[in-house]
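Here is the structure we will look at, set down as structure tokens.
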Amino acid sequence: MITFHAVRVRYPGADADALAGVSFGAESGRLTAVVGPNGSGKSTLVRALLGRVPLAGGRVSVGTDAVNDLPRRSLAQRVAVVSQREDPAFPLAVRDYVALGRYPWQAAWGTPSGDDRAAVARALADAAVSSLTERRTDTLSGGEWQRVRVARALAQGTAAIVLDEPTTFLDIAHEMACFELLSALAHAGRCVLVVSHQLNLVARFADRVVLLSRGQVVADGPPDHVMRGETLERVYEWPLVVSRDPAVGAPTLVPLRKRHTPFP
Amino acid sequence: MRRPPWVALALVLVAVMAASLMLGATHVAPGAVWDALVGQGSDDVARTIVRSIRLPRVVLAMLVGAALGVSGSVLQGTLRNGLAEPYLLGVSGGAAVGAVLAVAGGVSAPSLIALAAFGGALLAVAGVLTLARAAGGASDTRVLLMAGVVMGAFANAAIMVVMAAGSPDVARNALWWMMGSVAAAGWRDVVLLAISLGAVGAALLHRARWLDVLALGEDAAESLGVDAGRAGWRFFVLASLLAATTVAVAGLVGFVGLMVPHLARSLSAARARPTMIVSALAGGALVVAADLVARTVRAPAELPLGAVTALLGVPFFLWRLRVER
Amino acid sequence: MSAFLFFRFRILTPRRARAAAAACLLLAACTTSNESPVATPALVDDYGVSIGPATAAQRIISLNPTTTEILFALGAGERVIGRSRWDQWPVEARTVPEVGDAIRPSVERILAARPDLVLLYASGDNRAAAATLSAAGVAVVALRIDRLADFDRAVRTLGHVTGLEAAADAAVDSVERSLARVREAMRAVPRPRVFVHVWDNPLMAIGGGSYLSELIDIAGGRNVYAERPEPSPQVSFEDLVRREPQVILAGPAEAARLRTDARWADVRAVREGRVLAYDTMLVARPSMRLGEAARALALLLHPGTVLP
């Protein structure tokens with residue numbers, strides 16, 4: 001549903017393209033993950049999707065419409081984005097914060113409708129933050145805050161959700177819960193696109209993995225295809241070993257320690 | 001906490017305005033005030049004092065406070081910074097330069113000085129926005145703040161030069177103007193500011209939800225469908241316009257636009273539309289009260305309005321520091 | 001304190017000088033042509049607002065030290081129901097209640113006293129108060145007395161509005177005559193170059209726009225800054241040294257300080273011990289005693305002279 005066609009992006013003053021002809025698609029009903037080393041262009045991808053950076057070439061489309069042709073509001077009604085970091089300037093109640101996710105559906109002077117309220121309640125429940133409704137955003141822990149943000153994106157009621165590093169502040173239990181949720185959302189019919197560092201989680205939950213390196217797609221396919229030792233070592237420039245534990249049912253990546261010669 | 005105490009706020013405002021009509025360099029009894037307002041009563045002097053002097057003054061003070069409160073809350077929301085205030089984007093510096101140049105040039109008609117101040121403010125704001133855009137970050141908070149600071153520094157330098165070269169009369173007149181006052185309030189000023197507040201206020205209230213979304217940050221705002229850059233510009237221009245109009249009629253009245261939105265936000269659960277309205281009510285009450293203090297504490301001498309509001313700023317900041325801790 | 005009064009009140013902008021000159025010409029036209037009676041041209045105050053026909057104001061609020069003093073001198077002292085806190089002379093004036101400041105007075109307090117005439121100091125920042133008072137139906141006359149001609153005009157204007165024209169004319173006449181006597185006596189003496197010190201930081205002098213400059217001229221001196229049109233222009237120390245004043249005039253406290261100040265030690269007048277203190281009571285403001293002030297200055301500049 002979200003498709004990148006030969007997308008090229010170059011930041012002003014840079015010597016190389018941040019994205020050099022990236023093409024892939026994220027389909028509805030699937031959890032697609034974009035992985036790659038720092039600087040490979042993952043965040044630029046998300047910005048290009050939002051229309052925040054000018055494209056030097058190519059096209060990003062949501063459904064059949066090019067992102068640049070869509071009015072902002074329409075885009076917001078189709079794609080919800082959870083960015084890497086967010087810091088509201090003034091603390092507000094979680095309920096009000098999540099309710100802001102309904103903004104693309106509301107008129108300038110409208111009061112929240114029944115649909116709005118239902119969507120917010122559902123989002124709070126899905127993200128498992130119903131108990132935090134009356135808390136203020138500045139009193140939440142890192143993990144709670146992350147989940148509340150996902151709740152807002154859910155409240156937006158879009159067909160597609162894009163998340164940039166959603167598990168940054170989460171402990172093991174919450175990481176797993178987050179990906180379980182994303183997987184459930186994907187299989188319920190949404191298009192879920194996740195940018196993540198967490199190769200092992202991605203390997204477990206993603207239906208499709210896109211590996212970026214230096215602004216280009218190096219591998220694209222099911223986790224088994226992409227999570228290959230030689231490919232990953234080449235891209236990440238670090239020795240590692242890929243194993244398969246039957247209990248896990250997916251490839252597991254373990255980085256190795258390099259042998260250092262001590263400094264003279 | 002969910003709903004702002006509208007009734008209480010309105011009552012406070014009305015009470016303060018009523019007190020302002022009664023008290024002053026001379027005290028007018030409540031009965032006499034009522035008589036004067038409805039046009040009865042035999043006390044001509046009381047009628048003149050209440051209707052021609054105090055009433056426009058009190059109404060103007062209320063409008064100035066409301067305008068500054070709204071302007072401050074909008075700027076704080078747009079810049080996502082609780083230290084932003086209405087004069088930030090060059091309004092005070094530009095207005096002061098305009099007024100000082102007019103006074104130094106021999107202009108003494110207050111309406112012409114007001115016009116010069118307004119023009120100066122507009123030019124300065126345009127300068128700041130242009131400067132910020134040229135530096136590549138028109139919607140970047142820090143770039144805007146720096147441009148505002150630069151403009152302010154330039155304006156201060158210009159004012160110092162003009163005042164040093166001028167006669168003591170110029171210096172004194174300019175200084176008084178800069179300290180803010182509603183003492184010379186006339187109905188014309190009131191109408192002007194009322195129209196301005198009405199028009200700009202309506203435009204701001206219409207788009208208040210943008211502020212809610214902008215407060216989440218640029219990325220979040222964009223992803224929710226708000227053009228952060230355009231929205232930001234609209235708010236800067238409207239808020240500065242409002243501030244410039246208050247400066248034209250009342251000089252520089254500091255701290256109101258800075259303090260009031262904090263109180264308003266805490267009463268409105270940080271929601272933009274109620275915050276704006278509460279800021280208007282609370283700002284109005286504050287300036288009316290400050291004006292009352294300014295003209296009664298050392299009667300018949302008058303303290304500059306800006307000085308009283310600045311003095312109020314000190315305990316405010318102490319309170320905020322404690323709350324933040 | 002007198003220096004402070006200078007600082008606050010004796011400023012004349014070119015515009016005011018022209019207005020004053022115009023008014024003087026008008027007045028001169030009135031007083032010199034007594035052969036063919038001409039309709040009295042409208043009197044105008046220093047805001048350019050015309051003053052109505054002769055009245056006899058009975059409840060006067062005077063917010064200007066000079067006008068307060070003049071009113072008392074004309075015998076209208078009991079009619080003064082309010083003054084500014086700067087109005088300290090004559091001594092009788094001190095019993096009159098203070099009604100406000102001379103600059104930006106409280107209109108409310110003024111109105112509450114129910115005056116029929118308010119005298120304001122004609123500076124830019126009093127315009128708003130003047131407008132408000134006029135709109136409320138109170139007669140307002142704004143005056144600024146920087147030069148001797150202004151003083152004469154002010155006295156006559158005050159005579160006009162109090163119905164004491166005869167007393168006013170007599171007062172002006174007497175002042176003019178006593179000044180003329182001194183002027184005549186000192187006409188041919190050698191004129192030292194005089195610098196009148198007003199303020200130190202920034203350095204301010206008495207310029208041609210001030211009555212004090214005229215008094216010095218009458219008293220047989222030459223004000224080094226007479227060509228500057230302002231009453232108290234700001235001057236640079238270098239420029240002052242270059243003009244080589246032979247005499248420095250200042251109030252007693254200032255004079256004492258200047259004599260011992262290191263910065264002033266190289267100035268010729270200080271070296272030669274010619275830093276002279278004038279009597280601030282007498283000289284620091286224009287009053288009916290202008291003639292005496294001129295005499296005092298003449299004796300200061302030319303000790304031992306015999307004056308009529």
Candidate set: region C:156-192, residues that are basic (Lys, Arg) and without any contact (Cβ under 8 Å) to a residue 60 or more places away in the chain; chosen: the one surrounded by the most Cβ atoms within 10 Å (Cβ to Cβ): C:ARG191
Qualifying residues in region B:128-164 (those that are free of Cβ contacts under 8 Å to residues at least 12 places away in the same chain and either within 14 Å of chain C (Cβ to nearest Cβ) or buried (at least 21 other Cβ atoms within 10 Å of the Cβ) (or both)) - the one nearest to B:LEU83 (Cα to Cα): B:MET160
Meets criteria (touching a Gly at 6+ places or on another chain (Cβ under 8 Å) and either surrounded by 19 or more Cβ atoms within 10 Å (Cβ to Cβ) or within 12 Å of another protein chain (Cβ to nearest Cβ) (or both)) for A:GLN106: no
Unmet requirement for B:ARG298, which otherwise passes all of (1) buried (at least 23 other Cβ atoms within 10 Å of the Cβ); (2) within 21 Å of B:MET178 (Cβ to Cβ): (1)
Residue list for region C:212-242, filter: polar (S, T, N, Q) and free of Cβ contacts under 8 Å to residues at least 24 places away in the same chain: C:SER213
Residue count for region B:88-121, restricted to those that are on the phi > 0 side of the Ramachandran plot and buried (at least 21 other Cβ atoms within 10 Å of the Cβ): 1
Long-range neighbours under 9 Å by Cβ, at least six apart or interchain, first residue free of Cβ contacts under 8 Å to residues at least 24 places away in the same chain within region C:58-74, second assigned to a helix (DSSP H, G or I) and surrounded by fewer than 24 Cβ atoms within 10 Å (Cβ to Cβ): C:PHE72/C:GLU92; C:PHE72/C:ALA93
Residue that is surrounded by the most Cβ atoms within 10 Å (Cβ to Cβ) [pool: residues in region B:59-87 that are farther than 21 Å from B:SER181 by Cβ and among the hydroxyl-bearing types (Ser, Thr, Tyr)]: B:SER73
Enumeration of residues in region A:26-82 that are within 17 Å of the chain's Cα centre (by Cα), more than 18 Å from A:ALA6 (Cα to Cα), free of Cβ contacts under 8 Å to residues at least 60 places away in the same chain and surrounded by 15 or more Cβ atoms within 10 Å (Cβ to Cβ): A:LEU75
Only listed residue being within 15 Å of the chain's Cα centre (by Cα), within 20 Å of A:GLU27 (Cβ to Cβ) and of a type outside the set (Phe, Trp, Tyr), chosen from A:CYS178, A:CYS191: A:CYS191
Of the criteria (1) of a type outside the set (Ser, Thr, Tyr); (2) more than 20 Å from B:ASN81 (Cα to Cα); (3) surrounded by fewer than 20 Cβ atoms within 10 Å (Cβ to Cβ); (4) facing chain A (nearest Cβ under 9 Å), which one B:GLY217 fails: (2)
Subset of region B:185-196 [of a type outside the set (Ser, Thr, Tyr) and surrounded by fewer than 24 Cβ atoms within 10 Å (Cβ to Cβ)]: B:GLY186, B:TRP187, B:ARG188, B:VAL190, B:VAL191, B:LEU192, B:ALA194, B:ILE195
Selection from region C:216-266 of residues that are of a type in the set (D, E, K, R) and in contact with a Leu (Cβ under 8 Å, 6 or more places away or on another chain): C:GLU230
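Quick grid of which residues meet (1) touching a His at 6+ places or on another chain (Cβ under 7 Å); (2) farther than 30 Å from B:ARG265 by Cβ; (3) aliphatic (A, V, I, L, M):
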| site | (1), (2), (3) |
| --- | --- |
| A:THR44 | no, yes, no |
| A:ARG52 | no, no, no |
| A:GLY58 | yes, yes, no |
| A:VAL79 | no, yes, yes |
| A:VAL82 | no, no, yes |
| A:PRO88 | no, no, no |
| A:LEU92 | no, no, yes |
| A:ALA99 | no, no, yes |
| A:ARG102 | no, no, no |
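Yes/no matrix, rows are residues, columns are (1) buried (at least 21 other Cβ atoms within 10 Å of the Cβ); (2) at pLDDT 90 or above:
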residue	(1), (2)
C:SER50	no, no
C:PRO53	no, no
C:ALA56	no, no
C:THR66	yes, yes
C:ALA76	yes, yes
C:ILE81	no, yes
C:ASP87	yes, no
C:ARG94	no, yes
C:LEU111	yes, yes
Within region A:132-209, helices (runs of 4 or more DSSP H) holding 3 or more residues that are over 21 Å from A:ARG117 (Cα atoms) and touching a residue at least 60 places away in the same chain (Cβ under 8 Å): A:172-187, A:199-205
Evaluation of B:LEU211 against (1) in contact (Cβ under 8 Å) with a residue 12 or more places away in the chain; (2) of a type outside the set (S, T, N, Q); (3) assigned to a loop (DSSP other than H, G, I, E, B) (one fails), failing number: (3)
Which listed residue, of B:ALA36, B:ALA61, is of a type in the set (A, V, I, L, M, F, W, C) and under 25 Å from the mean Cα position of the chain (by Cα): B:ALA61
Those residues of region C:207-240 which are surrounded by 23 or more Cβ atoms within 10 Å (Cβ to Cβ), among the polar types (S, T, N, Q) and either more than 14 Å from chain B (Cβ to nearest Cβ) or outside any loop (DSSP other than H, G, I, E, B) (or both), in sequence order: C:SER213, C:ASN223
Some residue of region A:235-248 being crowded, with 18+ Cβ neighbours inside 10 Å and in a helix (DSSP H, G or I): yes
Spans of helices (runs of 4 or more DSSP H) in region B:1-63 with at least 1 residues closer than 26 Å to B:LEU197 by Cα and in contact with a helix residue (DSSP H, G or I) (Cβ under 7 Å, 6 or more places away or on another chain): B:6-22, B:30-38
Qualifying residue in region C:200-219 (condition: charged (D, E, K, R) and closer than 24 Å to C:MET186 by Cβ): yes
Single unsatisfied condition, B:GLY77 versus (1) closer than 15 Å to B:ASP169 by Cα; (2) within 14 Å of chain A (Cβ to nearest Cβ): (1)
Enumeration of residues in region B:11-58 that are surrounded by fewer than 16 Cβ atoms within 10 Å (Cβ to Cβ), at pLDDT below 80 and away from chain C (no Cβ under 14 Å): B:GLY39, B:GLN40
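Quick grid of which residues meet (1) at the interface with another protein chain (Cβ under 10 Å from one of its Cβ atoms); (2) in contact with a Ser or Thr (Cβ under 6 Å, 6 or more places away or on another chain); (3) not aromatic (Phe, Trp, Tyr):
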{"position": "B:GLY232", "(1), (2), (3)": "no, yes, yes"}
{"position": "B:ARG271", "(1), (2), (3)": "yes, no, yes"}
{"position": "B:ALA280", "(1), (2), (3)": "no, no, yes"}
{"position": "B:VAL297", "(1), (2), (3)": "no, no, yes"}
{"position": "B:GLY306", "(1), (2), (3)": "no, no, yes"}
{"position": "B:LEU312", "(1), (2), (3)": "no, no, yes"}
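The values are calculated or read from the model by the stated rules, or taken from the named source; none is laboratory data. Here the structure is a predicted model, which is why all the values come from computation and not from measurement. Backbone-built Cβ (ideal geometry, glycine too); neighbour counts: all protein chains shown.
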